[in-house]
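What follows is one structure encoded as structure tokens, with my remarks underneath.
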Amino acid sequence: MFKTTIFMILSTIIVAHRGGAKIANENTLTSFQQAIEMGVEMVELDVHMTQDNHVVVCHDATIDRTTNCTGKIEDMTLEQFKQAAVVDHVSKLPTSESMPTLREALELMKGKTKILLEIKRRNKNQYAGLEQQVIDMIHEMDMVDQVVIQSFDDQALFTVHQLDPTVRIEKLLFCRLPFGMCFDGKINRFSVEKYKMCASLNFMYKFIDQKSIDKLHAEGFEVKVWTVDDPRKLNYKADGVITNRPDLFMNK
């Protein structure tokens, strides 16, 4: 069961952001296992693709920040990616662990927790075929009902929906402004019709309020918020909370 505050409801899904990035080394099998043992209902992870077309788990487009090596993921082979050692988030020293492939992450979490998979892409020409690979993999592993795909990138979501409309997709958003909504770095008037295929709209937590959540609920959307590391910062009821500190939202 989830820990509740005066601002949260029992049905709120707690999502371990990158496995719980402030209590474990982010986007690692260790962090995912810790989240599972904590009883988190959903784990968020990020995917990129190597030069030799392997889908791997990492938040950044490079391995500079999280490992003892450097380089763009799209410029390295899987072997090169796996040779890099994860750097401990506290000591900053290399560990014995490497960043996982998506397949490794799915194998670990299959049947144990839901997965919120973020497709990362800087431009429409990057990672050609990534969506197809992800769809094929979750079907092959019989995990369609366990994996949810989210992205800031509209084209990634449209592609996933076109490839398989049975896969649940969710739209990542940054902010809501008085004169419109902010999508993919551009200010546009909000159109719910554009995102009707999305089950949830996921906002940066500072830029959403209860009134907007209620309106989106009326349109049939769920709302998740990111990235909240202190329950006291929420003054509304969202359907999901994406957090680096799932331990603060869970019953001890």
Anything in the stretch 194-247 that is part of a helix (DSSP H, G or I) and either open to solvent by less than 40 Å² (accessible area, probe 1.4 Å) or closer than 13 Å to residue 171 by Cβ (or both)? List them, or say none.
194, 195, 205, 212, 213, 216, 231, 246, 247
Are any residues in the stretch 51-88 over 27 Å from residue 202 (Cα atoms), open to solvent by less than 10 Å² (accessible area, probe 1.4 Å) and in contact with a helix residue (DSSP H, G or I) (Cβ under 8 Å, 6 or more places away or on another chain), and if so, which ones?
81
Test residue 46 against the criterion of being over 16 Å from the mean Cα position of the chain (by Cα) and of a type in the set (Asp, Glu), and give yes or no.
no
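Do you know which residues across the stretch 24-37 are touching a residue at least 60 places away in the same chain (Cβ under 8 Å) and buried (at least 19 other Cβ atoms within 10 Å of the Cβ)?
Within the stretch 24-37, 24, 25, 26, 27, 28, 29, 32, 35 meet the criteria.
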Which count do you get for residues in the stretch 38-50 that are open to solvent by 20 Å² or more (accessible area, probe 1.4 Å) and under 18 Å from residue 122 (Cα atoms)?
0
Those residues of the stretch 89-109 that are surrounded by 13 or more Cβ atoms within 10 Å (Cβ to Cβ) and of a type in the set (Gly, Ala, Ser) come to a total of 2
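The values are calculated or read from the model by the stated rules, or taken from the named source; none is laboratory data. Remember, it's a predicted structure, so these values are computed and weren't measured experimentally. Positions of Cβ are generated from backbone atoms using ideal geometry, with glycine treated the same way; all protein chains shown enter the neighbour counts. Surface areas here come from the heavy atoms of the whole protein model, side chains and all, with no ligands, DNA or RNA. Shrake-Rupley method; radii C 1.70, N 1.55, O 1.52, S 1.80 Å.
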